[in-house]
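Visitor: First, the structure itself, so that you have it in front of you.
Only the coordinates and a few stated rules stand behind these numbers; no lab work does. Since the structure is predicted, the reported quantities are computational estimates derived from the model, not experimental observations. Positions of Cβ are backbone-derived with ideal geometry, glycine not excepted, and every protein chain shown enters the neighbour counts.
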Amino acid sequence: MKAQIIYDNIARKGFRSGWGFSCLVDEKILFDTGEEPVSIFDNMQKLNVDIDKIKAVVISHDHWDHTGGLWELLKRRKGLKVYACPGFSRAFKDKVNQVQGVMIETEPYQEVDQNIAVTGQIEGEYKGADMPEQALVVKTEHGITVITGCSHPGIVNMVKNVKDRFPRSKIYQVFGGFHLMDHDPRAVQQIVTAIKDMGVEKVGPTHCTGHKAEKVFEKDFGNNYITIEAGKVLDI
Ligand SMILES: [Zn+2]
Ligand SMILES: [Zn+2]
C-alpha cells in the first residue's frame, strides 16, 4: 500500500510547502488537509491524485493547519464523509454541514475503509485547553502504520493506544507531527526509547516535531528514519 505526502513544512522540488500536514492513503483516504488550499490541490495534481477517487477525509484535530484545505475540497466533492472526533468544536461541525460534507463523529477504532481505521478520540491539550486528537491506523503486509497530525495527546500515548488495541501486531512505522518543539533532547531521547520499546521499526517525525527533536530520532533510528516531505510517496 502507498501513502502520498500531500502537504508538509518541507517539499520536494516542484512541490509547494506550507505549515501543516496532509497525507493520502491508498489513493482514497485523505488524512488532514494542510493549511492552504491552493498548495494542496497543486500538490495533488503533481502527484496525479484523482480527487474523485477520494472516499473520505479523516481530520486528526481541530487546528487550522490540518483543516485548511477541507472546505475547498468539500465544495468540489459535496457529500464527502468527514471523520472527526466528537470533541471537535461546534464551529467545525457546523461548517462541515454548511458545505454539505457528511460529519461522522468517530468511535474508537472505527473502520473508514478496509484495513484503515481511526484510533478515535484521544484526550490531548494545547496551550492549556483541551485538544482531542485521533491518528490513522493502517494495516498492511508490513504490520501497522500509524499516521499522526500533531500528537497533542503525546506521541507515546498515541502509539501506546494502538499497541494496547493490537498487542500482538507489529507497529511497522509511525509518521506525522510529533509536537516536540518544547522538549529538550534528553526528554526527546526518553520518548524515542519508549517508542522503540513498543517495537516500532521506522519513524518519520515531521511538521511540528521540531528540527532538534527530529535529529534525536534520526540518530537513534538510523536507516529506519524516514524523511517526510510533500511530494514523497511512501511504501506503508
Ligand atoms: Zn499542526
Ligand atoms: Zn495542532
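Visitor: Using C-alpha positions alone, give me the convex hull volume of region 2-235 per residue in cubic angstrom. Can you show the working numbers first?
Guide: Working: hull volume 25.4 nm³, N = 234.
Normalising the Cα hull of region 2-235 by residue number yields 108 Å³.
Visitor: Right, something else. DSSP loop (so not H, G, I, E, B), at most 14 other Cβ within 10 Å: list which trypsin sites (Lys or Arg not before Pro) in region 147-191 pass both filters. Before the final figure, lay out the partial values.
Guide: Values: sites: LYS160, LYS163, ARG165, ARG168, LYS170, ARG186; in loops: ARG168, LYS170.
Taking region 147-191 and a limit of 14 other Cβ atoms within 10 Å, the loop trypsin sites (Lys or Arg not before Pro) found are ARG168, LYS170.
Visitor: What lysines does LYS55 reach when the alpha-carbon gap must be under 25 Å and sequence neighbours fewer than 8 apart in one chain are set aside?
Guide: The reachable lysines, counting only those whose Cα sits under 25 Å from LYS55, are LYS2, LYS28, LYS46, LYS75, LYS78, LYS81, LYS93, LYS95, LYS139, LYS232.
Visitor: Which whole number in µm²/s is D for region 44-123 by Stokes-Einstein, with the Kirkwood Rh taken over Cα pairs at 37 °C and 0.692 mPa s? Mind showing how you got there, number by number?
Guide: On the way: Rh = 13.2 Å.
Approximately 249 µm²/s, per Stokes-Einstein.
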